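A.B. asks: Got a structure for you, written out below as structure tokens; questions coming shortly.
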Amino acid sequence: MSVIPGKRTPVIAAAAIVVLGVMTGPAQAGVDRGAAPPLPQVSASVETPSLFDDEAGGNANADDPAIWRNTQDPDRSLVIATAKEGGLRVYDLDGRQVQSLPAPPPPREGDKPGRFNNVDLIAGLRFPGGRHDVAVVSDRGSDRLRIYRIDPGRSGAPLVDVTDEAAAPLVFSTGQDEVNEQRTAYGLAAYTDPRSGRAFAVASRRNTTALALAELTSTAQGKVGYRTVRTAVLPSAFTLPDGTRWSPCGEPGELPQVEGMVVDPDTGDLYAGQEDVGIWKLDADLRSPARLIEKVRSFGVPGTWDPQTEECTAGADRGFGGRHISADVEGLTIWRDPRHPARGGYLLASSQGDDTFAAFDRDRGNAFVRGFRIAAGTGPGAVDGAQESDGAAVTGEPLGKRFPRGLLVVQDGHNTPATPGSDGEDRTDTDFKFVDLGALRRAVRL
């Protein structure tokens, strides 16, 4: 959940700003990139059912989770997760599916269907009849946000769609034809400003570096709409320490996009993961310049797009990159210590390129602390590890008897063992892994 005590109150005025990239730290030419010692490992104790990205599986593909804590009965807390064209899935703490909600159908024949990409939570959104927690989803297929009220009294269907269709405009596109090009709402982070009580969502735009800040508002009928407050643009090209200019290699016309994002609820800082670049830090209201606080290892490595293979051919690594994350940088999440929520704790990031995770201090300039892997367990019924991980969510709050020290949920982009399809080929199989935070703390010494 993203509830921000004690940070600046955004001034609501529509405007567009350009966020300037600031390179931090010395050039890393000459860094020893030899074999690193093995990282500590922890195993997941729970996994959700497989999602299959094919017609038989409803084109469902696990992407991004959020953890909703039931304050009245923590044992009945939920994990809410996106499944792209498969819509939303809701799981209990044993990983069992509680609810499945479909993504919207295409508005016209030939249009793109709904495709739920990222999800985040707002605690205590104001409604006419009181306050309710809501899940906010970026619908990449429709270029809109969708909002779901969380009703713990509805045990079999706790999420209720409360999107105000008349007040849910396109986030980035000018019309359906542009929506169909799919440069649409992609990553998402939601938060509540503590001074005004207003709720906001920051969305990124697919295949670009654009961000948009939207304010959520409820209606007298109990629906929720939104309006864009301002936009920002992150850099797509960078001056390297040797004076040359560099941009990440990609398909022509596509810029290095942002997906994984999280707002620190105690500082109001937005962390945004630009997949082939690194982690940016800026104010969640998009008013401040952005600082690049961590670069991916391949930062500065030249590349040439090969239209035959539709891949980039990399050039020589001149040592300008970071040391802790292999592109893509993906799921970002804040681990707060419930005993001291305003200080300490970690920013966790998925290092998708090498199947690891990195922990950075929330204090002391976001210094790197330690990396770790989520590895396969041992013994009968053990859960496999997490590879190519995309979204992640963590809470340090106790979640009943199952996870008394808290919970980390990560997407597994390569669930095993493989499941063959009717054609004999392995199906694209993804799911979510639940990691006990007490076990993680012991294994990784965080």
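A.B. asks: Looking at ALA167, ALA185, ALA135, ALA123, which one is open to solvent by 20 Å² or more (accessible area, probe 1.4 Å), closer than 26 Å to THR333 by Cα, in contact (Cβ under 8 Å) with a residue 60 or more places away in the chain and of a type in the set (A, V, I, L, M)? It would help to see each step written out before you state the result.
C.D. replies: Values: ALA167 fails: closer than 26 Å to THR333 by Cα; ALA185 fails: open to solvent by 20 Å² or more (accessible area, probe 1.4 Å); ALA135 fails: open to solvent by 20 Å² or more (accessible area, probe 1.4 Å).
Within the list ALA167, ALA185, ALA135, ALA123, the selection yields ALA123.
A.B. asks: For ASP111, indicate whether it is open to solvent by 20 Å² or more (accessible area, probe 1.4 Å), of a type in the set (Asp, Glu) and not in a strand (DSSP E or B).
C.D. replies: Values: open to solvent by 20 Å² or more (accessible area, probe 1.4 Å): no; of a type in the set (Asp, Glu): yes; not in a strand (DSSP E or B): yes.
Against the criterion (open to solvent by 20 Å² or more (accessible area, probe 1.4 Å), of a type in the set (Asp, Glu) and not in a strand (DSSP E or B)), ASP111 does not qualify.
A.B. asks: I would also like to ask the following. Could you count how many residues in region 384-395 are crowded, with 20+ Cβ neighbours inside 10 Å, in contact (Cβ under 8 Å) with a residue 60 or more places away in the chain and not in a strand (DSSP E or B)?
C.D. replies: 4
A.B. asks: Since GLY345 meets every condition but one in (1) modelled with pLDDT under 95; (2) of a type in the set (Gly, Ala, Ser); (3) under 21 Å from ASP94 (Cα atoms), which condition does it not meet?
C.D. replies: Of (1) modelled with pLDDT under 95; (2) of a type in the set (Gly, Ala, Ser); (3) under 21 Å from ASP94 (Cα atoms), only one is false for GLY345: (3).
A.B. asks: Between residues in region 67-88 that are farther than 16 Å from VAL137 by Cα and residues that are small (Gly, Ala, Ser), which pairs lie under 6 Å by C-beta distance while being six or more apart or on different chains?
C.D. replies: From region 67-88, the pairs are ARG69/SER77; ASN70/SER77; PRO74/GLY400; ASP75/GLY400.
A.B. asks: Looking at (1) open to solvent by 70 Å² or more (accessible area, probe 1.4 Å); (2) farther than 25 Å from LYS281 by Cβ; (3) at pLDDT 95 or above, can you tell me which one ARG323 breaks?
C.D. replies: (2)
A.B. asks: Please list, ordered by residue number, the strands (runs of 3 or more DSSP E) wholly in region 271-326 having 1 or more residues that are over 22 Å from ASP390 (Cβ atoms) and β-branched (Val, Ile, Thr). Spell out how you get there, then give the answer.
C.D. replies: Values: elements: 278-283, 291-295, 303-306, 311-314.
Filter on region 271-326 gives 303-306, 311-314.
A.B. asks: To continue, here is another question. What about VAL90, is it over 18 Å from VAL435 (Cβ atoms), in a strand (DSSP E or B) and either open to solvent by less than 30 Å² (accessible area, probe 1.4 Å) or modelled with pLDDT under 95 (or both)?
C.D. replies: The answer is yes for VAL90.
A.B. asks: Kindly indicate the residue of region 217-243 that is crowded, with 19+ Cβ neighbours inside 10 Å and of a type in the set (Val, Ile, Thr) and also nearest to LEU125 (Cα to Cα) among those meeting that condition.
C.D. replies: If we take residues in region 217-243 being crowded, with 19+ Cβ neighbours inside 10 Å and of a type in the set (Val, Ile, Thr), then VAL224 is nearest to LEU125 (Cα to Cα).
A.B. asks: Condition test on GLY379, is it outside any loop (DSSP other than H, G, I, E, B) and on the phi > 0 side of the Ramachandran plot? Spell out the reasoning first.
C.D. replies: On the way: outside any loop (DSSP other than H, G, I, E, B): no; on the phi > 0 side of the Ramachandran plot: yes.
So GLY379 fails the test.
A.B. asks: Taking the stated definitions as given, is ILE150 of a type in the set (Val, Ile, Thr), within 22 Å of the chain's Cα centre (by Cα) and under 18 Å from VAL229 (Cβ atoms)? Please lay out each step first, then the result.
C.D. replies: Numbers: of a type in the set (Val, Ile, Thr): yes; within 22 Å of the chain's Cα centre (by Cα): yes; under 18 Å from VAL229 (Cβ atoms): no.
No.
A.B. asks: Restricting attention to region 401-446, which residues are buried (at least 17 other Cβ atoms within 10 Å of the Cβ) and polar (S, T, N, Q)?
C.D. replies: GLN411, ASN415, THR428, THR430
A.B. asks: Moving on to the next point. Looking at ALA367, is it in contact with an Asp or Glu (Cβ under 9 Å, 6 or more places away or on another chain), surrounded by fewer than 19 Cβ atoms within 10 Å (Cβ to Cβ) and among the small types (Gly, Ala, Ser)?
C.D. replies: So ALA367 fits the description; yes.
A.B. asks: Also, quick follow-up: Evaluate region 152-161: report whether one residue or more is modelled with pLDDT under 95, over 19 Å from ALA103 (Cβ atoms) and among the polar types (S, T, N, Q). If you could, list the steps in order and put the result at the bottom.
C.D. replies: Narrowing region 152-161 to residues modelled with pLDDT under 95: 152-156.
Next, only the ones that are over 19 Å from ALA103 (Cβ atoms) stay: 152-156.
Filter once more, so that each one left must be among the polar types (S, T, N, Q): 155.
For region 152-161, residues modelled with pLDDT under 95, over 19 Å from ALA103 (Cβ atoms) and among the polar types (S, T, N, Q): present.
The values are calculated or read from the model by the stated rules, or taken from the named source; none is laboratory data. Every value quoted in this text rests on a predicted model; they were computed, and no experiment measured them. Quick reminder, even Gly has a Cβ in these numbers, built from the backbone with ideal geometry, and neighbours come from all protein chains shown. The protein model used for the area step is the full one, side chains on, heavy atoms only, and it has no ligands, DNA or RNA in it. Shrake-Rupley method; radii C 1.70, N 1.55, O 1.52, S 1.80 Å.
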